[in-house]
1. Can you work out which of the residues in the range 193-216 that are away from the ligand (no atom under 16 Å from the Cβ) and either of a type in the set (D, E, K, R) or part of a strand (DSSP E or B) (or both) is surrounded by the most Cβ atoms within 10 Å (Cβ to Cβ)?
2. Is it true that GLU80 is open to solvent by 10 Å² or more (accessible area, probe 1.4 Å), over 17 Å from the mean Cα position of the chain (by Cα) and farther than 30 Å from SER214 by Cα?
3. Mind checking whether some residue in the range 347-355 is away from the ligand (no atom under 11 Å from the Cβ), in contact (Cβ under 8 Å) with a residue 24 or more places away in the chain, of a type outside the set (A, V, I, L, M, F, W, C) and not assigned by TED's automatic domain parsing to the domain that holds ALA403?
4. Taking the conditions exactly as written (more than 22 Å from ALA120 (Cβ to Cβ) and among the charged types (D, E, K, R)), does ARG81 satisfy them or not?
5. I'm checking my understanding of the structure. Among residues of the range 480-503 that are under 23 Å from GLU519 (Cβ atoms) and not in a loop (DSSP other than H, G, I, E, B), which one is farthest from the ligand (Cβ to nearest atom)?
6. Restricting attention to the range 121-167, which residues are open to solvent by less than 10 Å² (accessible area, probe 1.4 Å), within 24 Å of GLN85 (Cβ to Cβ) and in a strand (DSSP E or B)?
7. From the set of residues in the range 232-251 that are touching an Asp or Glu at 6+ places or on another chain (Cβ under 9 Å) and among the hydrophobic types (A, V, I, L, M, F, W, C), which is least open to solvent (accessible area, probe 1.4 Å)?
8. Run down CYS65, CYS57 and say which single residue is free of Cβ contacts under 8 Å to residues at least 40 places away in the same chain and of a type in the set (A, V, I, L, M, F, W, C).
Amino acid sequence: MTSASSGTTDVVVVGAGFSGLYLLHRLRQMGLHARLLEKGSGVGGTWYWNRYPGARCDIESFDYCYSFSDELVREWVWSERYATQPEILRYLEHVADRFDLNRLITFDTTAEAASFDQNAGTWTVTTDTGEQITARYLVLATGNLSLTNRPDFDGLDSFTGQWFHTGTWPHEPVDFTGQSVAVIGTGSSGIQSIPKIAQQAEHLYVLQRTPNYSMPARNRAVTAEEMSSIVVNFPSRRRACENSDAGTPLPPATQRAVEVTAEQRRAKYDEGWERGGISALSGAFTDMFGDEVANGYAQDYAREQIRSLVTDPQIADMLSPSHDIGTKRTCTDIDYYQTYNRDNVDLINVRANPISHITPTGIALHDGVIEVDSIVFATGFDAITGALADIDIRGRADVPLSAAWANGARAYLGLQVVGFPNMFLITGPTSPSVLSNMAISIEQHVDWVVDCLAYMRDNGHATIEPTNTAQDEWMRHVTELANATLYPRAHSWYVGTNMDGRERAFTIYIAGCGPYREECDQVVADGYRGFEFDATSTEGTSA
Ligand code: NA7
């Protein structure tokens, strides 16, 4: 075993979010040394950075957590149905303390580059602090929504007020009292923060390019009785999540929207709307994502709800989306639509009246200027591949990952990429990733990777890499599944078109967590079908 402080180790992990923390725990249990590099000053990943007002999870708290420790499940008490960012961050900090993980993490350190030495069969990771760490394995636990996207508006440097991005929110409280504030963007971060900012600011301008569907969260406190019952039933609830499509315990829909009567459809939608949550409408029928007529029924229902919640019919129209529901991330909210009934909130359509530039005191639109004290960019992320592309990763023959992915991300099972031996992705492209409960997908991926490393150790394998054939077949399978749905049609971060100049590519495994888990398990049962092992290079680090 090499020493963790010597510049060599067994595994370098990048990112101390949900994935990185569990990885450290499992790797240590297996007897491997690991170093984790984290850009932030603390653990938490997404929940460390996204401190904007109103930030909370859109998966129920008791499902958006780890299951690996019975003690942890028993001792952590969730206070709300949908946990807030501070509560989830406290949970992850607790996990890091409880399992003594912090001392394996180097904070305030960015992995800038990683290159594979073909002869030694090792990765060398270079950090922004000038350190070079060599390891047999590299695991990228960098998250799907980590690298922020901030449109490059002219004049921002001249702005004399304050500006923020929801994805890199300050740690100290931000007080908008008495201020005129502009929020740009109406995705999930905008929809969560707008009601909160409206309550505090003197005036709020919402600059909307595309309206989005949002379901009522129906958030509430979790009672002590409910929490006890959840703990008792946790194992079966978790199995239900693991075998489901989205990683949640909701029973799957059984009927097609196009086969039932209008009254039956309405009853189902009413039931979902009353229950609330991200799948309020999408969980109602089986044909939601495969049939535009079925999707259209749910859209009509959602638009009707918006009209009933927003007093001004013109504003309700502006807030009514027209894309296939769910093909762009559906949001959940607390009083989002009702916020537009406030006197201090103005909705501006920046598709019809685009942002021209930022002035020292406001935002110049094509038609008119709005004077503001603060600007909030709720403009999202370079999603799915952004954080990976941000590291100069070079595999065999010094080929950059950016070159391997020049025509879109390619991976086998979302876990490994041809040409990049011993490099693993956690919830990478072509896995269920952002279309699933990340806590479920993360635990599955971490378990798969760590079990794979154990298998390699037990069998004397030095490197693992997918075959071209396996990766090509997997890509075909993922694409075929997606093309049978409405998903690839939308303009959204799911297909990368939220980034200027990005080719449309849908790289999410659509068949769900359960079928995906079976695929991964079957690959292992078939002797790691589609992967090649190499036993020839054994120098470098030792395990
Ligand atoms: P999203 O969902 O990507 O939303 C970003 C929003 O910002 C969206 O409404 C965009 O409009 C808008 N946007 C982006 N660029 C511009 C410009 N240049 N001008 C005006 N408006 C713009 O990011 P979120 O942070 O809200 O959510 C990301 C995920 O994080 C979320 O789904 C959860 O899973 C957690 P557009 O729709 O592109 O017209």
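1. Ranking the qualifying residues of the range 193-216, first place goes to ALA201.
2. Here the answer is no, as GLU80 does not meet what is asked.
3. no
4. Spelling it out, ARG81 is indeed more than 22 Å from ALA120 (Cβ to Cβ) and among the charged types (D, E, K, R).
5. Filtering first and then ranking leaves GLU480.
6. LEU140, HIS165
7. CYS241
8. So the residue among CYS65, CYS57 that is free of Cβ contacts under 8 Å to residues at least 40 places away in the same chain and of a type in the set (A, V, I, L, M, F, W, C) is CYS57.
The values are calculated or read from the model by the stated rules, or taken from the named source; none is laboratory data. Not measured: the values here are computed from a predicted model. With ideal geometry, Cβ positions are generated from the backbone for all residues, glycine too; neighbour counts draw on all protein chains shown. Heavy atoms of the whole protein, side chains included, go into the accessibility calculation; ligands, DNA and RNA do not. Shrake-Rupley method; radii C 1.70, N 1.55, O 1.52, S 1.80 Å.
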